[in-house]
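Worksheet for the structure shown next.
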Amino acid sequence: MKREKQPKRLRQMIQRYINSSPRAKSMVLINMTMIIFCTLFLAMIIYLMVFVSTSGVTLYNNSYNNRQELQYRYVIRGNIYSSDGEVLAETRIDENGNEIRYYPYGSMFAHAVGYAVNGRMGIEDYANYYLMHTGASLSERVSNDLENVKDPGYNVGSTLSVELQKVADDYLGMYNGAVIVSEAKTGRILVLLSHPDFNPGTIKEDWESITTVPGNSQLLNRATQGLYPPGSTFKIITALEYYRENPDSWQDYSYTCNGSITHDDYRVSCIYGTVHGELDLESSFARSCNSSFVNIGLSLNRNSWENTMNSLYFNRPIPTDMVAGSSSVYVGAGSTDYDIMQTSIGQGRTVMTPLHLNMITQAIANNGVMMKPYIIDEIVDEHGNIIRDFQPQSIGRVMTEDEADYLKNMMMAVVEYGTGRALITDAYTCAGKTGTAEFAEDINESHAWFTAFAPADDPEICVTIIIEKAGTGMEYAVPLAKRIFDAYFGV
Ligand SMILES: [Zn+2]
């Protein structure tokens with residue numbers, strides 16, 4: 001009975017409408033139309049208010065927005081500074097009165113600071129809104145207008161260190177690759193380097209050659225967007241999953257390496273065919289034994305492993321305001337034993353960005369809490385007043401303190417008696433993991449990886465390095481990490 005009540009009332013209303021006079025009918029229609037339009041109008045106003053308040057900066061930065069053109073007539077683009085106060089980008093006026101964007105360090109900060117003609121990249125892009133807005137007061141604007149000069153845009157204080165960036169840039173030289181240095185407790189980026197690079201000061205003139213030479217991809221920021229097989233650096237994640245699945249028995253793990261492992265007709269060898277002999281979990285990690293890690297990988301629960309990968313931001317966008325690629329890995333349902341053998345040692349279909357590896361390293365150094373990597377410290381007006389101050393932001397806990405502690409000890413063993421021995425020094429302690437990502441038959445064509453932090457007991461900075469086609473991580477990437485740590489700790 002109750003259920004019929006509603007349709008009955010509706011039927012009565014419709015009947016009343018049909019029986020009413022034409023004049024009454026039109027009044028009903030007019031009223032209904034008014035109600036619909038008022039609701040739509042109100043919704044539109046609310047939407048616009050929310051949209052403008054939340055996405056003003058993004059809206060402005062959209063290169064289709066004409067307001068930018070207008071802004072260029074009144075505002076002179078602000079400067080970009082390093083964390084040590086050096087000018088990384090400024091606008092100068094030449095003798096003919098033309099504005100020239102000048103980059104004192106040439107190609108050294110090419111991808112980090114970026115450019116602002118023919119599109120935008122790096123800080124020139126991320127901070128475009130501020131660089132093109134002025135903090136000048138009304139009276140200053142009037143007086144600038146009378147003198148026919150533009151108002152100064154806000155200046156940007158970056159997190160970048162000229163000293164450390166130079167160490168990395170000099171060492172990388174003609175090699176292709178990337179270097180990232182971040183602060184362990186905050187996620188501030190001190191070094192963001194990608195080779196091959198370009199000169200942002202002459203990018204307009206060089207555009208044709210930069211964009212048409214095939215296979216060069218100078219504009220690609222390899223540090224944040226380069227997708228590489230992580231090689232043995234990935235053993236950090238395999239080791240984490242083994243610990244999660246064997247919390248009480250991981251210390252009992254043992255394996256005898258005779259230089260290779262064969263499973264289902266697939267064979268994986270240790271580097272240079274090295275026979276590692278008797279190993280436990282820590283020495284498997286420190287000496288980077290592929291056979292032992294394939295053995296470990298085959299024992300893991302694939303669903304659980306996939307969850308661990310997911311919680312570490314594999315197969316999804318990593319949380320950062322910078323333009324960055326997504327790492328991918330393949331271990332879930334449907335993966336074959338061959339896939340797992342390859343994934344365990346960071347080969348096969350596994351690819352990662354150097355930034356992502358740096359973030360995982362940072363989380364280990366920071367007792368399991370991952371910080372959002374950031375490259376802009378503050379926005380300042382021409383009088384030095386701080387307009388906006390960017391604070392460290394936690395992404396969240398990606399592993400327990402116990403797990404971080406366990407990985408830290410494994411990474412310390414790498415330096416103490418494993419593939420990172422070149423980092424032994426009295427000046428500081430260090431924890432890290434090497435990688436040699438094979439993508440060709442010739443070992444000398446491999447990508448050299450190293451990811452590390454120091455001091456090991458109270459970490460300050462995290463360094464992640466990839467050098468393309470250089471050879472082993474131990475021989476080529478570890479020495480660069482040493483130079484960066486030495487420079488940072490003033491050795
Ligand atoms: Zn081995």
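The values are calculated or read from the model by the stated rules, or taken from the named source; none is laboratory data. Keep in mind the model is a prediction, meaning the values are calculated, not measured. Neighbour counts run over all protein chains shown; Cβ positions are idealised from the backbone, glycine included.
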Would a scan of the stretch 451-463 turn up a residue that is more than 20 Å from the chain's Cα centre (by Cα) and part of a strand (DSSP E or B)?
-> yes
Single match in Thr425, Thr429, Thr436, Thr419 (criterion: among the β-branched types (Val, Ile, Thr) and assigned to a strand (DSSP E or B)) = Thr436
Could you say whether any residue in the stretch 416-428 is surrounded by fewer than 13 Cβ atoms within 10 Å (Cβ to Cβ), within 23 Å of the chain's Cα centre (by Cα) and acidic (Asp, Glu)?
-> no
Among (1) of a type in the set (D, E, K, R); (2) within 30 Å of Tyr154 (Cβ to Cβ); (3) out of contact with any Pro (no Cβ under 9 Å at 6 or more places or on another chain), where does Lys372 come up short?
-> (3)
For the stretch 360-398, the count of residues that are assigned to a loop (DSSP other than H, G, I, E, B), touching an Asp or Glu at 6+ places or on another chain (Cβ under 7 Å) and under 30 Å from Ile76 (Cα atoms) equals 1
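A quick yes/no check of all residues on (1) at pLDDT below 80; (2) within 52 Å of the chain's Cα centre (by Cα):
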position: Asn19; (1), (2): yes, no
position: Pro22; (1), (2): yes, no
position: Val28; (1), (2): yes, no
position: Met34; (1), (2): no, yes
position: Leu40; (1), (2): no, yes
position: Ile45; (1), (2): yes, yes
position: Val52; (1), (2): yes, yes
position: Ser55; (1), (2): yes, yes
position: Tyr60; (1), (2): yes, yes
Looking at the stretch 151-175, which of its residues are acidic (Asp, Glu) and touching a residue at least 24 places away in the same chain (Cβ under 8 Å)?
-> Asp151, Glu163, Asp169
Selection from the stretch 273-297 of residues out of contact with any Gly (no Cβ under 6 Å at 6 or more places or on another chain) and near the ligand (Cβ under 9 Å from one of its atoms) yields Thr274, His276, Gly277, Leu279, Ser284, Ser288, Cys289, Asn290, Ser291, Ser292, Phe293
Those residues of the stretch 305-344 which are among the polar types (S, T, N, Q) and outside any loop (DSSP other than H, G, I, E, B), in sequence order | Asn307, Thr308, Asn310, Ser311, Ser328, Gln342, Thr343, Ser344
Of the listed residues (Ile237, Ile203, Ile210), the one being surrounded by 16 or more Cβ atoms within 10 Å (Cβ to Cβ), assigned by TED's automatic domain parsing to the domain that holds His447 and part of a helix (DSSP H, G or I) is Ile237
Filter the stretch 263-272 down to residues that are surrounded by fewer than 13 Cβ atoms within 10 Å (Cβ to Cβ) and either within 35 Å of the chain's Cα centre (by Cα) or within 13 Å of the ligand (Cβ to nearest atom) (or both), then give me how many there are.
-> 2
In the stretch 361-377, is there at least one residue being in contact (Cβ under 8 Å) with a residue 40 or more places away in the chain and within 22 Å of Asn303 (Cα to Cα)?
-> no
Residue check for Leu219: outside the structural domain of Ser269 (by TED's automatic domain parsing), of a type outside the set (D, E, K, R) and at pLDDT 95 or above | no
Report yes if some residue within the stretch 237-259 is among the hydrophobic types (A, V, I, L, M, F, W, C), within 28 Å of the chain's Cα centre (by Cα), over 20 Å from Gly122 (Cα atoms) and within 16 Å of the ligand (Cβ to nearest atom); otherwise report no.
-> yes
Going by the structure shown, is Ser284 assigned by TED's automatic domain parsing to the domain that holds Lys408 and crowded, with 22+ Cβ neighbours inside 10 Å?
-> yes
Under 7 Å by Cβ, and 6 or more places apart or on different chains, what pairs join a residue from the stretch 399-413 that is in contact (Cβ under 8 Å) with a residue 12 or more places away in the chain with one that is buried (at least 21 other Cβ atoms within 10 Å of the Cβ) and not in a helix (DSSP H, G or I)?
-> Lys408/Ala431; Met411/Ala431; Met411/Gly432; Met411/Lys433; Met412/Ala431
Of the residues that sit in the stretch 313-338 and are within 20 Å of Glu245 (Cα to Cα) and surrounded by 21 or more Cβ atoms within 10 Å (Cβ to Cβ), which one is modelled with the lowest pLDDT?
-> Val331
Just to be sure, is Arg222 closer than 22 Å to Ala448 by Cβ, within 16 Å of the ligand (Cβ to nearest atom), touching a Ser or Thr at 6+ places or on another chain (Cβ under 8 Å) and not acidic (Asp, Glu)?
-> no
